[in-house]
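Following: one structure in structure tokens, then a few remarks.
The values are calculated or read from the model by the stated rules, or taken from the named source; none is laboratory data. From a predicted model like this one, the values you see are computed outputs, not experimental measurements. Heads up, the Cβs are rebuilt from the backbone with ideal geometry, glycines too, and the neighbour counts pull from every protein chain shown.
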Amino acid sequence: MKTAAVMNRNVVVVSPAVTVGAAAAMMQRLRIRHLPVVDDGRLAGIVSDRDLMRHDDETTCAEAMTPSPVVCSWDAPISRVARLMLDNKIDSVPVVNGPGRLIGLVTSADLISLLLDRAEGDVVPFEFSLQLAASDAEAAAFAA
């Protein structure tokens, strides 16, 4: 499956001049966690809700954004996007065309939705186990 099949095509973006306060209010109102920053039609960076928490309300998105974010093309396999997210510990990947123009966004929520059987609305079965660190010593052992 290609990225185009899962990417969000109606992406809310901000200009670099928008303040963190305004961006945070937008994100809260729209219930989104990532805002691509677009300058003159090209992707300049991206801000996440976590980025915004580290800055005061008057800081601009240009100052708060991650410049040159990890991106993919519309025809990249979904597995490539998932690998980019895991390797870079990020929750969204902007989708750009050749000249760097934003054409979509894939989020971790978009990828998780692929695990749902759309016909039945049930989660695809999988196995998991939990490992509890009940003390500092056990937590340290996990970190080693």
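Among the candidates Ala82, Ala62, the residue that is in contact with a Leu (Cβ under 6 Å, 6 or more places away or on another chain) and either in contact (Cβ under 8 Å) with a residue 24 or more places away in the chain or closer than 15 Å to Arg9 by Cα (or both) is uniquely Ala82. For the stretch 53-80, which positions are in contact with a strand residue (DSSP E or B) (Cβ under 9 Å, 6 or more places away or on another chain), closer than 21 Å to Arg31 by Cα and assigned to a helix (DSSP H, G or I)? The answer is Cys61, Ala64. Within the stretch 18-33, the set of residues being within 14 Å of Ala62 (Cβ to Cβ) and within 16 Å of the chain's Cα centre (by Cα) comprises just one member, Ala23. Of all residues in the stretch 81-123, those being over 15 Å from Ile46 (Cβ atoms), among the basic types (Lys, Arg) and either modelled with pLDDT under 95 or not in a helix (DSSP H, G or I) (or both) number 1. Whether a residue is within 17 Å of Leu111 (Cβ to Cβ) and buried (at least 18 other Cβ atoms within 10 Å of the Cβ) was assessed, and Val93 passes this test.
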